[in-house]
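The values are calculated or read from the model by the stated rules, or taken from the named source; none is laboratory data. Note that the structure is predicted; figures quoted are calculated from it, not measured. A quick note on method: Cβ atoms are made from the backbone with ideal geometry, for glycine too, and the neighbour counts reach across all protein chains shown. Please note that ligands, DNA and RNA were not included when accessible areas were found on the heavy atoms of the full protein model with its side chains. Shrake-Rupley method; radii C 1.70, N 1.55, O 1.52, S 1.80 Å.
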Amino acid sequence: MLDAPFLDISDLVTTGGESGLLSMAFAPDYETSRRFYVYYTDSRGFPTIDSFLRSERSADRALPGSRRNIISVPHPRYNHKGGQIQFGPDGRLYAAFGDGGGGGDPDRNAQNLGRILGKMIRIEPRPQGGYSVPADNPFRGRAGARPEIYAYGLRNPYRFSFDRASGDLTVGDVGQDAVEEIDFVPNRAGAGGAPQGGYNFGWSVFEGRNGYNAGSAPRHLPPVIDHSQDEGFCSIIGGYVIRDRSLGRGWYGRYIYGDFCQPSLRLARLQRGRASSRATRLRVPNLASFGEDGRGRVYAVSLSGPVYRIGRR
């Protein structure tokens, strides 16, 4: 335990509800660049990504004065902020944003390629702030579309991850009134590549595999796992594909995830189309997030306070 926080930006962050300090990610070259990124909601309630530098003198201290804004996204309501950032296997920064809030996506943001809300974006942050758009982004050059967009049709993609071994992408997207879903995009680009972008996860024309709002959802990719809220699920929490060999063959290569209202963590073998899952004996009440360290060990975070490492007795 540090005697002082690594970084304190409490004066920048709005908290409460679905707001707060939501995610952070270290640059692939962090050891030399000392650069890392933080996703939070600012004083206006806008989802914001900033970069910071670690101190040269101490690995346990960041430099608040090094802050550079990468992106801030206007957000009209109090909920559905999204909240995840992660560097993909291709070295680009991926970020997921909620649909802008309100029940049923009233502004129809998720299917609108002219808006970032309800999307996952893929960008190259610049050291002095801002970002550039990779030349191979799927919507770059398309009239009326934001070139940053990598995938769309999301409601509240609170947590997503890349499999550290295969590069496959998995997204946990929180449902509206009926269905919680896990979306899966296999990586066919090989080592150092990322899954093909451009997919439409369906919201708000679909909730899970069920029809929701009128309209079309071109290139719709249905979820591989869905859970009914009638069964007690309420807010899906996406996790990681386990690459910690110490957990044994029954766990290695399985995707672990959970739900805020269902304390039992679940395991799934992911595949294109449909995947099944099973509940484990591991229970984390008020599950809020998962994490993964450099050795592939997985952690589960509870809003009740504890942080658990998934391990064997």
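Can you compute the FRET efficiency between Arg278 and Tyr30 using 1/(1 + (r/R0)^6), with r the Cβ-Cβ distance and R0 = 25 Å? Round to the nearest 0.05. It comes out at approximately 0.10. The GNM of the chain, with springs linking C-alpha atoms under 10 angstrom apart, assigns the highest mean-square fluctuation among Gly239, Gly82, Gly17 to Gly17.
Count charges around Pro223 for me, please; just the other residues with Cβ under 13 Å from its Cβ, Lys/Arg as +1, Asp/Glu as -1.
Overall, the nearby charge balance is -2.
Count charges around Ser23 for me, please; just the other residues with Cβ under 11 Å from its Cβ, Lys/Arg as +1, Asp/Glu as -1. Charge balance near Ser23 sits at +2. Per-atom-type breakdown for the chain gives carbon and sulfur 46% of the accessible area (1.4 Å probe, protein chains only).
Each residue of the chain gets 139 Å³ once the volume of the Cα convex hull is shared out per residue. Looking at the range 74-193, the accessible area is 34 square angstrom per residue; that uses a 1.4 Å probe and ignores ligands, DNA and RNA. Phi angles across the range 240-254 convert, under the Karplus curve 6.51 cos²θ - 1.76 cosθ + 1.60 with θ = phi - 60°, into 3J(HN,Hα) values of 9, 6, 6, 10, 9, 5, 5, 7, x, 5, x, 10, 4, x, 8 Hz, Gly and Pro given as x. Close amide H contacts of Ser23 (hydrogens built in the peptide plane, cut-off under 5 Å, sequence separation of 5 or more or a different chain): Tyr39.
Just how far, in whole angstrom, is the range 141-198 from the range 72-120 if you go by their alpha carbon centroids? What the calculation gives is 12 Å, centre to centre.
Rank by packing, highest mean first: peptides 270-279, 32-41, with packing defined as the count of other Cβ atoms within 10 Å averaged across residues.
Working: 270-279: 12.8, 32-41: 19.1.
Going by the mean number of other Cβ atoms within 10 Å, highest first, we get 32-41, 270-279.
Residues with beta-carbon under 12 Å from that of Leu287, excluding Leu287: net charge, scoring Lys, Arg +1 and Asp, Glu -1? Computed value for this residue: +2.
Cα centroid separation, the range 1-62 to the range 232-261: 26 Å.
Highest mean first, how do 45-53, 90-98, 21-29, 154-162 rank when packing is the count of other Cβ atoms within 10 Å averaged over residues? Write down the numbers at each step before the final one.
Numbers: 45-53: 21.3, 90-98: 23.3, 21-29: 17.1, 154-162: 26.4.
Packing proxy ranking, top to bottom: 154-162, 90-98, 45-53, 21-29.
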